[in-house]
Amino acid sequence: MRILMVSSEVAPFAKTGGLADVVAALPQALTRQGHDVRIMMPLFRSVDRFKYRLLPILRKLVVRWGGEEITGELMRCSYPCRQEIPVYFIQQEQLFGRRGFYGDSGGDYGDNDRRFSFLSLASLYALKALDWRPDIIHLHDWQTGLVAPLVRHHPAIANDLFYSNIRTVFTIHNLAYQGIVSPAVIENMQLPWSVFRTDGMEFHKHVSLLKAGIVFSDWVTTVSPTYAKEIQTPEGGQGMDGVLRERSDRLTGILNGIDTEVWNPESDPWLAAPYSTVNTSGKARCKAALQNTFCLSPEPETPLFGCVSRLVDQKGFDLIQAVLPSLLEAGAQFVLLGSGDPAHEEWFSSFAAANPGRVGVSISYSEQFAHMIEGGSDVFLMPSLFEPSGLNQLYSMRYGTIPVVRNVGGLADSVTDATEAAILNGTGTGFVFDEYTPDALWGAIKRSLILFNEDRASWRRLVSSAMNRDSSWNRSAAVYEDVYDSVLEPVSALRQA
Ligand code: ADP
Ligand code: GLC
């Protein structure tokens, strides 16, 4: 099968969160299964074009936007990435050559409609110019949602035989980001006004690019089975639950996997020492290195809690802030890496300044620190309000760092609560709590502290069960293959007929 992934983020080229990790790792798993997978993404300014040896391959990609013509070019990475998956970059200096991906300190860029319309249509034009016709175009999040209606309704695409058998799959990584833009996008992109309906891409008198992907693609997936159910309810649907219920026969929740080569404590170059389920002694050295780097007192027996996250409300920072004083009183240390909401940044920086030796905070984006925290902490905090899938709890488990998570979305689907029985039978992998309250979070933290401080044998068993959990992409990639097969069924039936 030929599969094109279109995404605004792909690791290691451009990343703000888990989307980039998924679009880097899923194609590799699919390639291992024998598929021809390629990736298309924008050339943001921060992509290192020298390191990744980007070469121009199409000098002229022209997209009409209203009365204007926008010209870009196509580049290809010739960097020897694993499995040699072709990665194409849509280059348009004016649109993508900026410091931020989606906005700056003033908020979202005002021309995101233009930017991501260009990405969407230029990606389609590039396919024809390359003479590479995918069976499936797999779209990710609002930035690429417009591709789905373009395939069906854009005059230059819908009437061109080259595109006629292409099917689209749209993955929702986070329903909270909806790509709300002005309805002018419809005319600017030469789409018919018939798409501007409540059963189309209209959303409260605006256009939602996310909704465009949901409504016009052949299949919708999201990144965990529980989140797939949650988003069909008024509480979890962020205003889109009705639309999603309409599509429920073609909506599948598939839990994310992880890249087990990038996230492997046995070979992680960022760790002070390697370790594995068989030999966990290196983890103590990772903890010492983490304490040293974050200026925490060098105390091997002190429980060390870690957190790596975008600092946004979704991740439960009001709960974390409410319980941190008690956590320190209980004798624990805390380390956080993150950036985002200035109010959260400010809160954590002040908290660290007030608690030297006990709390370490880095307000930054750092791959190295992210790996060091996963490797060196004992417990990982992830008490999200909602969590489509979550990758950090998966990384934590693989690194023997016990996650404390709320029972929502992908957290519920991946972490099994460490009851006494679950620890004994080897199924427990973390501490899970239900209610979104500081008390409920504190209850789970207390359970982790008691086990860590008072029953080290059980703690070790729990660590080993967590590390043994299979979070690889194999199983989930097979479900994506089933989805692709389902949307192609009518096409293959047609071919046989
Ligand atoms: P989300 O995509 O909602 O941010 P995920 O758990 O799916 O949440 O993925 C987050 C990814 O982003 C992980 O790979 C995590 O290590 C990374 N990450 C988040 N914040 C930072 C940061 N400040 N520095 C480095 N990596 C980060
Ligand atoms: C989103 C979600 C996160 C998920 C990631 C990758 O950013 O917030 O839960 O893991 O996408 O799918």
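How high is the FRET efficiency between residue 55 and residue 111 when r is their beta carbon distance and R₀ equals 25 Å, given to the nearest 0.05? Don't skip to the end; give the middle numbers.
Values: r = 28 Å, r/R0 = 1.12.
So the FRET efficiency works out to roughly 0.35.
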So what's the net charge close to residue 254: Lys and Arg +1, Asp and Glu -1, counting the other residues with Cβ under 12 Å from its Cβ?
-> -2
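Dipole size in debye (nearest 20) for the range 53-142 around its Cα centre, Lys and Arg Cβ +1, Asp and Glu Cβ -1? Before the final figure, lay out each step's value.
Details: 12 positive and 12 negative charges, 69 e Å.
For this selection, approximately 340 debye.
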How much mean residue ellipticity at 222 nm does the chain get from its helices, if each DSSP H run of length 4 or more adds -39500 (n - 2.57) and you divide by all residues, to the nearest 500 deg cm²/dmol?
-> -11500 deg cm²/dmol
How much of the accessible area of the chain, probe 1.4 Å, is carbon plus sulfur, in whole percent?
-> 50 percent
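Quick check for me: using +1 on Lys/Arg Cβ and -1 on Asp/Glu Cβ, what's the dipole size of the range 282-468 about its Cα centre, in debye to the nearest 20?
On the way: 13 positive and 20 negative charges, 133 e Å.
Approximately 640 debye in magnitude.
Only Cα pairs under 8 Å and at least 6 apart count here; give the relative contact order of the chain as a rounded whole percent. All intermediate terms of the calculation are to be shown ahead of the outcome.
Working: 976 pairs, mean separation 58.0, N = 497.
It rounds to 12 percent for the chain.
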Spread of Cα-to-Cα distances over 20 Å intervals beginning at zero, given as percent, for the chain | 23, 54, 22, 1
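Summing +1 for each Lys or Arg and -1 for each Asp or Glu, what net charge is found among the other residues whose Cβ lies under 12 Å from the Cβ of residue 266?
Numbers: positive: 283, 398; negative: 261, 268.
Surrounding charge for residue 266 is 0.
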Which stretch or stretches of the range 403-420 have amide N atoms under 18 Å from the point lying 7 Å from residue 341's Cα along the Cα→Cβ direction?
-> 406
Just the accessible area for residue 193, please: 1.4 Å probe, Å², rounded to the nearest 10?
-> 120 Å²
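Add +1 for every Lys or Arg and -1 for every Asp or Glu among the other residues with Cβ under 15 Å from the Cβ of residue 180, and state the total. Don't jump to the answer; show the numbers that get you there.
Details: positive: 114, 115, 205, 211; negative: 108, 111, 113, 141, 202.
Spelling it out: positives minus negatives among the neighbours equals -1.
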Rounded to the nearest Å, what's the spacing between the alpha carbon centres of the range 217-282 and the range 25-74? Just the number, please.
-> 25 Å
Quick one: what are the phi-derived ³J(HN,Hα) couplings along the range 187-200, Karplus 6.51/-1.76/1.60 with θ = phi - 60°, whole Hz, x for glycine and proline?
-> 5, 4, 9, 6, 8, x, 5, 5, 7, 8, 9, 5, 8, x
Label model pair residue 247, residue 132: point-to-point distance (7 angstrom along the Cα→beta-carbon line) in nm is 2.6 nm
With the dipole of the chain defined by +1 on each Lys or Arg Cβ and -1 on each Asp or Glu Cβ, the option from 397, 147, 157 whose Cα lies farthest towards the positive pole is 157
Quick one: which residues, 5+ away or cross-chain, put their amide H under 5 Å from the amide H of residue 138? H built at 1.01 Å from N.
-> 4, 5, 6, 169
If you find the alpha carbon centre of the range 420-446 and of the range 349-372, how far apart are they in angstrom?
-> 25 Å
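Quick check for you: with a 1.4 Å probe and neighbouring chains kept, what is the accessible area per residue of the range 282-468, in Å²? Please report the intermediate quantities before stating the final value.
On the way: 6780 Å² over 187 residues.
Result: 36 Å² per residue.
The values are calculated or read from the model by the stated rules, or taken from the named source; none is laboratory data. These figures come from a predicted structure and were not determined experimentally. Counting neighbours? That spans all protein chains shown, and the Cβs are built from the backbone with ideal geometry, glycine included. Quick note on the areas: whole protein, heavy atoms, side chains included, nothing else; ligands and nucleic acids left out. Shrake-Rupley method; radii C 1.70, N 1.55, O 1.52, S 1.80 Å.
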